[in-house]
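See structure below.
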Amino acid sequence: MKNNISYKKIKMSTSIPTNKKIELFDQLMKANKAFQEIYPGDRSDRQPVHTLYGGANLFKHDSAAHLGKRALEIFEMYAPNHEVFGNVFGMDTQSGFSSKVYNKVIAKLKTEPIEDFRIDFEDGYGNRSNEEEDETAHTTALEVAKGMKEKTLPAFIGIRIKPFTEEMKERGLRTLDIFISTLAKETNGRLPDNFVVMLPKVTIPEQPATLASFFNILEKELNLENGILKMEMMVETTQAILAIDGTNPLYKFIKASNGRCIAMHFGTYDYTASCSITAKYQEMDHPVCDFAHHMTKVALAHTGIWLSDGATNTMPIGPHRGDSLTKEQLQENMNTVHNAWKKGYAHIRHSLWNGFYQGWDLNPAQFPMRYAAVYAFFLESYDDAVERLKTFVDKAARATLIGDVFDDAATGQGLLNYFLRALNSGAITEDEVLVTGLTLEEIRGRSFKKILENRKR
């Protein structure tokens with residue numbers, strides 16, 4: 001039955017005084033703004049898909065090129081064609097999918113084998129004499145300066161210092177001071193692009209707060225750009241996930257950094273050890289790790305903090321070395337590498353499935369499985385995602401004509417997340433994004449709601 005009542009002609013009566021409304025809405029506005037400052041949303045800039053850790057004593061200005069060359073050699077030796085490659089990782093070798101991923105991996109290893117390098121003064125370096133670590137901090141800084149000059153550094157780079165525990169705080173700070181002071185002197189106050197300092201084994205907010213304060217001092221003393229020093233923190237203990245009062249302290253750590261922290265990394269083996277897991281079962285996909293991942297994800301969602309998973313410690317390295325290996329030895333090497341690749345590939349896929357788009361690598365032999373996992377993860381969903389996003393945008397456009405309500409924006413948001421992550425990872429190109437009918441600006445804007453609003457104007 002048609003309703004003939006004209007709502008425009010009805011004068012609605014209200015009871016809330018205007019001044020009271022304004023007063024309460026002003027209070028709400030302040031609270032809403034405070035919330036938005038804490039949760040600005042995910043960042044749209046490029047997040048590296050991996051971080052390679054290497055002992056500081058081994059780092060050279062051209063390490064990335066040498067390690068990339070080694071990764072390519074290993075890949076071509078143990079995956080000489082896309083059929084072998086596809087069989088190792090369980091990809092379809094008949095449809096052309098394994099060939100597509102294979103070619104992308106080769107291209108990546110030839111052009112940018114390492115996205116992020118962390119020069120390690122902690123576990124990968126060990127506890128050495130103070131004199132030796134002082135010298136390493138100095139010479140490593142000189143190598144980084146040389147890499148900046150010769151443009152041989154990866155797109156992302158940084159150092160991991162020792163933790164700010166009572167036992168290690170002096171050593172951690174001294175290494176940081178020597179490294180940054182030496183580097184600033186060599187480069188006239190410049191730092192590499194995307195440079196970061198990693199603070200491991202964070203357990204209390206005072207540790208990142210102290211590091212942030214030392215950043216302030218270093219920037220002032222060395223005439224560095226204000227705020228240029230950034231940090232990452234590592235989740236490596238149960239106390240970092242659940243404090244004694246029953247709260248999750250991770251955001252307290254972020255807040256204590258005073259805007260300096262950009263990422264939170266998970267330390268698989270320290271964390272599993274803190275959970276009393278025996279060595280045989282210390283794996284990235286262990287349930288205790290999943291719990292920590294979920295707690296971290298929920299605590300830091302929409303804060304703009306990048307999350308990274310840890311590393312697979314099973315190395316794809318054959319047991320036999322030399323140029324005169326028997327057929328049996330060569331086959332054993334092949335089997336060992338392939339089994340390690342399969343294990344690492346499964347771990348990386350598990351991380352991606354849980355929304356952790358970055359992880360650690362410890363050896364160049366791991367690069368092939370890293371890029372294989374990332375590219376396959378995104379590419380296998382590409383055709384479906386394109387069609388679904390086109391349909392969503394079309395529905396939104398038609399809704400303006402027929403007056404329907406489009407109420408599935410959450411799924412559309414998920415598709416936007418897919419395309420941005422796939423683009424930033426290198427799995428798809430800009431042209432492959434544009435076939436959706438959206439612009440790169442719309443994709444990077446990360447707001448399906450805004451896209452719908454623009455389509456309705």
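Only the coordinates and a few stated rules stand behind these numbers; no lab work does. Just so you know, these numbers come straight off a predicted model, no measurement behind them. Here the Cβ is made from the backbone with ideal geometry for all residues, glycine too, and neighbour counts use every protein chain on show.
Things worth noting here:
- Where trypsin sites (Lys or Arg not before Pro) fall in DSSP loop in the stretch 297-363, at most 15 other Cβ within 10 Å: ARG321
- Mean ellipticity per residue at 222 nm, deg cm²/dmol - from DSSP H runs of n ≥ 4 across the chain, formula -39500 (n - 2.57): -17000 deg cm²/dmol
- Stretchable slack from LYS60 to MET334, in nm (0.36 nm times residue separation minus alpha-carbon distance): 95.6 nm
- The stretch 195-229: GluC sites (Glu not before Pro) falling in loop per DSSP and having at most 14 other Cβ within 10 Å: GLU225
- The chain: DSSP helices with Cα axial extent of at least 15 Å and average Kyte-Doolittle hydropathy no lower than 1.0: 367-379
- Loop-located trypsin sites (Lys or Arg not before Pro) in the stretch 81-190, at most 16 other Cβ atoms within 10 Å (DSSP): ARG128, LYS151, ARG190
- The calculated Kirkwood hydrodynamic radius for the stretch 184-325 is 17.0 Å, given to one decimal from all distinct C-alpha pairs.
- Relative contact order [Cα under 8 Å, 6+ residues apart], the chain, whole percent: 16 percent
- Distance in nm between pseudo-label sites at GLU221 and ILE38 (7 Å out along the Cβ direction from Cα): 3.5 nm
- Whole-number percent relative contact order across the stretch 1-157, with pairs defined as alpha carbons under 8 Å at least 6 apart: 34 percent
- Take the Cα of GLU387, step 7 Å toward its Cβ, do the same at GLN27, and the gap between the two points is 5.3 nm.
- Rounded if a/c under 1.5, otherwise prolate or oblate - the chain, Cα gyration tensor axes: oblate
- A Förster radius of 51 Å, combined with the Cβ-Cβ distance separating ILE228 from ASP394, puts the computed FRET efficiency at roughly 0.70.
- Per-pair calculated FRET efficiency, R0 = 35 Å: GLU430 and GLU167 via Cβ, rounded to 0.05: 0.10
- For the stretch 306-316, 3J(HN,Hα) computed residue by residue from phi via the Karplus equation (6.51, -1.76, 1.60; θ = phi - 60°) reads 6, 10, 10, 7, x, 10, 8, 9, 8, 7, x Hz, glycine and proline entered as x.
- The Rg/Rh ratio for the stretch 245-392, using Cα coordinates for both the radius of gyration and the Kirkwood hydrodynamic radius, is 1.07.
- Those residues of the stretch 9-35 whose amide nitrogen sits under 16 Å from the label point placed on GLU453, 7 Å along Cα→Cβ: 33
- The label point for LYS185 and the one for THR18, both projected 7 Å from the Cα toward the Cβ, are 6.8 nm apart.
- Computed FRET value (nearest 0.05) for SER213 with ALA279, which takes r as the C-beta separation and R₀ as 30 Å: 0.20
- Residue pairs, from the table LYS146/LYS185; LYS30/LYS449; LYS33/LYS255; LYS169/LYS201, whose Cα atoms sit over 18 Å apart: LYS30/LYS449
- Amide H contacts of LEU199 (H built 1.01 Å from N, under 5 Å, at least 5 apart or other chain): GLU232, MET233, MET234
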